[in-house]
Amino acid sequence: MTLVSQEVLKQVKTIELRTRGLVSSLFAGEYRSTFRGQGMEFAEVRAYEIGDDYRTIDWNVSARLGNPYVKTFTEERELTVLLVVDHSGSTRFGEPRTKAALAAEVAAVLALAAARQSDRVGALLFSDRVEQVIPPRKGRRHALRVIRDLVAFAPAGKTTDLAASLTYAVRLLNHRSIVVILSDFLAPSWERPLQRLAARHEVVAVTVDDPRERALPASGWLDLEDAESGRRVLVDAGSREVRGRLASLAERRSEERRRGLAAAGVDHVALVTGQDYALPLRRAFALRARRLHR
């Protein structure tokens with residue numbers, strides 16, 4: 001049995017109390033309407049009727065009986081939600097709290113929302129490898145266990161292998177699920193694995209950024225260290241030209257990320273440290289719900 005420090009338990013309780021109102025007021029309706037009908041199970045085969053989707057035709061049964069028949073499905077009462085959470089070195093940056101801390105709290109909201117709806121929730125924590133997997137289960141107690149492990153997790157790796165983690169998630173889930181990826185996506189070659197994951201599951205990408213990654217303060221010379229490689233570099237943040245080049249680089253990287261997420265067909269929620277995350281989450285979920293129910 002893993003011993004959990006009182007400090008970790010205190011943090012879990014604080015997160016639960018801080019997010020309780022958000023889970024109740026924002027996600028009681030949006031959560032279910034956003035993902036309603038995405039988990040489907042086979043019900044029966046019946047005779048084809050005009051207006052039925054031809055893609056549901058059961059060709060084996062139709063050939064055997066000599067008339068077209070279609071498969072019908074019912075909505076699963078339970079969904080499976082997998083939280084894929086980035087704990088690489090780049091997420092340990094940010095203020096007033098790190099990107100990792102922001103991701104953990106958003107994951108906590110989603111875990112508690114899933115538990116409230118009696119859905120299964122699990123987590124996959126990764127850095128340069130998949131470091132921990134919490135199998136999806138139901139119940140508030142299990143959701144709190146997910147939050148506890150997110151808070152207590154101390155990654156062994158510093159760099160990021162998002163592509164391998166997404167590939168692992170494809171193998172881990174044996175039926176259609178909701179996959180929420182919480183990451184800054186500062187990693188190479190994740191586009192194709194994300195497309196493969198999104199082809200089988202409903203995927204939401206929650207990107208977490210810090211404003212200083214886009215615009216350095218005009219504060220003179222800065223000694224910067226890459227959180228993953230350890231490489232250090234002196235930057236003249238007092239130079240408008242230098243700040244402009246860095247801002248252009250950040251914008252180009254952000255645009256490439258947006259294009260990659262759009263190409264995979266996943267929903268995108270953009271969050272920033274130091275800003276309230278409730279409104280962007282609610283807007284994104286409400287937009288998705290409207291789109292699914294048109």
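The values are calculated or read from the model by the stated rules, or taken from the named source; none is laboratory data. The structure presented is a predicted model; accordingly, all values stated were derived computationally and were not measured. Because the Cβ atoms are built from the backbone with ideal geometry, glycine has one as well, and the counts that use them run over all protein chains shown.
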- If you go through segment 194-212 one residue at a time, do you hit one that is under 26 Å from I15 (Cα atoms) and part of a helix (DSSP H, G or I)? yes
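Return the only residue of A111, A169 being within 24 Å of T207 (Cβ to Cβ), outside any loop (DSSP other than H, G, I, E, B), modelled with pLDDT of 95 or more and in contact with a strand residue (DSSP E or B) (Cβ under 7 Å, 6 or more places away or on another chain).
Result of the check over A111, A169: A169.
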- Note on segment 114-146: residues without any contact (Cβ under 8 Å) to a residue 40 or more places away in the chain and either farther than 20 Å from V23 by Cα or in contact with a strand residue (DSSP E or B) (Cβ under 8 Å, 6 or more places away or on another chain) (or both) are A115, R129, V130, Q132, V133, I134, P135, R137, H142, A143, R145
- Consider only pairs whose beta carbons are under 8 Å apart and that are at least six residues apart or on different chains; among these, list those whose first residue lies in segment 212-239 and is within 23 Å of R97 (Cα to Cα) and surrounded by 11 or more Cβ atoms within 10 Å (Cβ to Cβ) and whose second residue is of a type in the set (F, W, Y) and modelled with pLDDT of 80 or more. E213/F93; A227/F93; A237/W221
- Check F185 against each of (1) assigned to a loop (DSSP other than H, G, I, E, B); (2) modelled with pLDDT under 95 and name the one condition it does not meet. (2)
- Query: Looking at this structure, is A163 touching a residue at least 12 places away in the same chain (Cβ under 8 Å) and under 26 Å from L9 (Cβ atoms)?
  - Reply: no
- Message: Among the listed residues A215, A164, identify the single one that is over 19 Å from D86 (Cβ atoms), of a type in the set (A, V, I, L, M, F, W, C) and more than 15 Å from the chain's Cα centre (by Cα).
- Response: A215
- Note on the structure: Log entry, pairs with first residue in segment 174-198 being in the same structural domain as K158 (by TED's automatic domain parsing), second being surrounded by fewer than 16 Cβ atoms within 10 Å (Cβ to Cβ) and part of a loop (DSSP other than H, G, I, E, B), beta carbons closer than 6 Å, six or more apart or on different chains, reads A198/G265
